[in-house]
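One structure below.
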């Protein structure tokens with residue numbers, strides 16, 4: 001059973017470009033979480049999605065950031081017009097169920113975004 | 001508030017016990033977790049404890065929870081060089097939709 005997969009593992013973008021980060025949850029998991037880890041800091045929650053629904057986006061910056069989890073295919077975290085402050089490691093986690101249950105979140109290896 | 005704090009560094013000798021501490025502020029925590037992160041890698045769940053428990057033991061790992069003081073600790077017995085990593089505590093909150101709030105991480109260095 002493959003774990004949570006993220007790609008690319010490393011992504012370099014110039015200021016103003018777009019970054020697309022992909023996350024494939026573990027088989028059988030329908031809940032996806034995105035977290036951001038700035039250098040020398042802990043992880044900060046960004047968004048929680050189920051298939052075709054955004055459940056909680058309270059941690060998402062108001063502009064330039066969006067996330068989706070379509071019926072088919074991976075979850076996508078999209079950052080438009082990247083700035084240097086977006087440089088961070090972005091982690092995806094998945095769980096079989098979500099709110100209201102205790103379900104362990106399994107983390108992917110992360111995508112390390114560097115904005116030049 | 002949702003502050004979770006940890007000391008930044010801990011250095012121990014191989015074979016000794018390590019104790020990593022964590023304090024949190026939100027009394028509505030339901031579950032508290034310990035994750036391990038090795039360089040360049042994702043997070044590996046080590047263990048978790050329900051908030052109405054005081055202690056949980058899993059092989060070399062012992063978790064202690066003092067809910068009154070909002071203090072969580074992770075003890076690693078017989079620490080090995082492979083235990084060198086960053087350790088994060090995290091909490092999920094009642095009504096928080098299962099999202100995790102992470103501490104700042106403690107870097108554990110195991111010396112020979």
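Count of the stretch B:20-30 residues, restricted to those that are surrounded by 15 or more Cβ atoms within 10 Å (Cβ to Cβ) and more than 25 Å from residue A:106 (Cβ to Cβ), is 2. The number of residues in the stretch B:62-112 that are within 14 Å of chain A (Cβ to nearest Cβ) and part of a loop (DSSP other than H, G, I, E, B) comes to 9. Between a first residue in the stretch A:94-116 that is within 24 Å of residue B:50 (Cα to Cα) and more than 8 Å from every other protein chain (Cβ to nearest Cβ) and a second residue that is modelled with pLDDT of 90 or more and part of a strand (DSSP E or B), which pairs have beta carbons less than 8 Å apart while being 6 or more apart in sequence or on different chains? Taking only residues 6 or more apart or on different chains, the pairs are A:94/A:23; A:94/A:31; A:94/A:32; A:94/A:33; A:96/A:31; A:97/A:31. Here the strands (runs of 3 or more DSSP E) wholly within the stretch A:1-66 that include at least 2 residues being closer than 21 Å to residue B:44 by Cβ and within 12 Å of chain B (Cβ to nearest Cβ) are A:5-7, A:31-37, A:43-50. Scanning the stretch A:17-45 for residues that are within 23 Å of residue A:116 (Cα to Cα) and free of Cβ contacts under 8 Å to residues at least 40 places away in the same chain turns up A:40, A:41, A:42, A:44. Among the residues of the stretch B:44-58, is any under 29 Å from residue A:36 (Cβ atoms), surrounded by fewer than 13 Cβ atoms within 10 Å (Cβ to Cβ), within 14 Å of chain A (Cβ to nearest Cβ) and at pLDDT below 90? Yes: the stretch B:44-58 contains one or more residues that are under 29 Å from residue A:36 (Cβ atoms), surrounded by fewer than 13 Cβ atoms within 10 Å (Cβ to Cβ), within 14 Å of chain A (Cβ to nearest Cβ) and at pLDDT below 90.
If you go through the stretch B:10-25 and keep only what is at pLDDT 90 or above, on the phi < 0 side of the Ramachandran plot and not in a strand (DSSP E or B), you end up with B:14, B:16, B:17.
With respect to the conditions (1) surrounded by fewer than 18 Cβ atoms within 10 Å (Cβ to Cβ); (2) at pLDDT below 95, residue A:37 lacks only one, and its number is (1).
In the stretch B:31-40, of all residues being more than 10 Å from chain A (Cβ to nearest Cβ) and part of a strand (DSSP E or B), the one that is surrounded by the most Cβ atoms within 10 Å (Cβ to Cβ) corresponds to B:32.
Taking the numbered list (1) part of a strand (DSSP E or B); (2) buried (at least 21 other Cβ atoms within 10 Å of the Cβ); (3) more than 14 Å from chain B (Cβ to nearest Cβ); (4) touching a residue at least 60 places away in the same chain (Cβ under 8 Å) in turn, residue A:90 passes all entries but (3).
Restricting B:7, B:28 to those that are modelled with pLDDT under 95, within 21 Å of residue A:43 (Cα to Cα), more than 10 Å from chain A (Cβ to nearest Cβ) and under 13 Å from the mean Cα position of the chain (by Cα) reduces the list to B:7.
Kindly provide the set of residues from the stretch B:74-87 that are crowded, with 18+ Cβ neighbours inside 10 Å and either closer than 23 Å to residue B:31 by Cα or at pLDDT below 95 (or both), ordered by number. B:74, B:76, B:85, B:86, B:87, listed by residue number.
The values are calculated or read from the model by the stated rules, or taken from the named source; none is laboratory data. The model shown is predicted, which means the values in this text are computed figures rather than measured ones. Neighbour counts are summed over all protein chains in view; Cβ atoms, including those assigned to glycine, are modelled from backbone coordinates with ideal geometry.
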